[in-house]
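The values are calculated or read from the model by the stated rules, or taken from the named source; none is laboratory data. All of these numbers come straight from a predicted model, not from anything done at the bench. Don't worry about glycine lacking a Cβ; one is built from the backbone with ideal geometry, like all the others, and counts go over all protein chains shown. Surface areas here come from the heavy atoms of the whole protein model, side chains and all, with no ligands, DNA or RNA. Shrake-Rupley method; radii C 1.70, N 1.55, O 1.52, S 1.80 Å.
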Amino acid sequence: TEYEFKLVVCTRLMTLPRGHRSFPLRCNCGTLCTDAKALITHAFGGCDRLSSFTASQRHQFVKFALANVIRSFGLNVIVEPNFYHYQGTDIRHRPDITVISGQPVATDIVISAQDGEVGHAATRAAERKKSHHTEAVRAHHHIFIPFSLETHGHKDKCCTELIDYIKKALAPYQQRHFERDVNTAVSTALAKARAATLMAIGHYDFIHGF
């Protein structure tokens, strides 16, 4: 929607549209947000008590955006494959997507809050995903490549690695379009999730007198 677009643009500038929210306000976790920058930083910094739009919902946005683009190019996609075997029975270890084409490739999407320099959190998360999944995926003679992002849109190099691997299964004339469509769909899904997070912030008691 038009308002979602305004929110997304404003958050890139660390501000909010006029009239969106009064300040200061206190999150349910106890953090006091005194202005738009503080609210945006807190909302996308890992707190799960500020908004009713959850990190799990954001993850779903991106997962299905990625899966739908891959399917649109005629490739077979299995969402949440259950045929990999891990130590124990915790289903949270499942990757998000397996693409069956040539040597199948599995990926697990992770979206991290920026921590320090842009990209550091995404790189660390990608390494954690590799340690979780590589052995189980390799046992099926599949390849594992993580898909690691940061909340404001940064993509780790593993995202490009996954896109480059999958597009090799496509005809040469399709490859550029595939890369463009994946990047557009994932970026749009993540942007919509940022807007949804801010729009779903509950009604708090505003603190006056500052």
Problem set entry | Accessible area of the chain belonging to carbon and sulfur atoms, whole % at 1.4 Å probe | 51 percent
For this session: Just the number, please: percent antiparallel of the DSSP beta bridges in the chain, rounded to the nearest 5.
Result: 65 percent
Problem set entry | Distance between modelled label sites at THR188 and ASP115, nm, 7 Å Cα→Cβ extension | 3.2 nm
For this session: Apply 1/(1 + (r/R0)^6) to the Cβ-Cβ distance of ARG138 and ASN68, taking R0 = 25 Å, and write down the FRET efficiency to the nearest 0.05.
Result: 0.40
Exercise. By what distance, in whole Å, do the Cα atoms of region 103-210 stretch along each of the three principal axes, largest value first?
Worked result: 62, 33, 24
Problem set entry | Rg to Rh quotient for the chain, alpha carbon positions, Kirkwood Rh | 1.03
For this session: For region 24-35, just list the computed ³J(HN,Hα) in residue order, Karplus coefficients 6.51, -1.76 and 1.60, θ = phi - 60°, integers in Hz, with x standing in for Gly and Pro.
Result: x, 9, 10, 5, 4, 7, x, 6, 8, 9, 9, 7
Exercise. How do the peptides 111-119, 182-190 rank, highest first, by the average count of neighbouring beta carbon atoms within 10 Å per residue?
Worked result: 182-190, 111-119
Exercise. Could you give the radius of gyration (one decimal) and Dmax (whole number) of the Cα atoms in region 57-158, in Å?
Worked result: 13.5, 39
For this session: Return the sequence-ordered ³J(HN,Hα) values of region 161-168 in whole Hz as given by the Karplus equation 6.51 cos²θ - 1.76 cosθ + 1.60 applied to θ = phi - 60°, using x for Gly and Pro.
Result: 4, 5, 4, 5, 5, 5, 5, 5
Exercise. With every protein chain left in place, what is the accessible area per residue of the chain in square angstrom, probe 1.4 Å?
Worked result: 54 Å²
Exercise. Among the lysines, which have Cα under 17 Å from the Cα of LYS63 when same-chain residues fewer than 8 positions away are ignored?
Worked result: LYS129, LYS155, LYS192
For this session: Amide H neighbours of SER112 under 5 Å, at least 5 residues apart or on other chains, H built in the peptide plane: list them.
Result: LEU149, GLU150, THR151
Exercise. Separation of region 111-165 and region 12-86 by C-alpha centroid, Å?
Worked result: 17 Å
Seminar exercise, completed: Interchain or sequence-distant (5+) residues whose placed amide H lies within less than 5 Å of the amide H of ASP96 are THR107, ASP108, ILE109
Problem set entry | Sequence ranges 149-155, 132-138, 43-49, ranked by mean other-Cβ count within 10 angstrom, highest first | 149-155, 132-138, 43-49
Exercise. For the chain, what relative contact order do you get, as a whole percent, if you take Cα pairs closer than 8 Å and at least 6 residues apart?
Worked result: 25 percent
Exercise. Taking H as built 1.01 Å from N, whose amide H comes closer than 5 Å to the amide H of SER51, not counting residues under 5 places away?
Worked result: none
For this session: Place a +1 charge on the Cβ of each Lys and Arg in region 112-210 and a -1 charge on the Cβ of each Asp and Glu, then give the dipole magnitude about the Cα centre in debye, rounded to the nearest 20.
Result: 340 debye
Seminar exercise, completed: With x for Gly and Pro, the residue-by-residue ³J(HN,Hα) of region 144-151, computed from phi through the Karplus equation 6.51 cos²θ - 1.76 cosθ + 1.60 at θ = phi - 60° and given in whole Hz, is 10, 9, x, 10, 10, 10, 10, 4
Exercise. Among 71-77, 101-107, what's the highest-first ranking by average C-beta atoms within 10 angstrom per residue?
Worked result: 101-107, 71-77
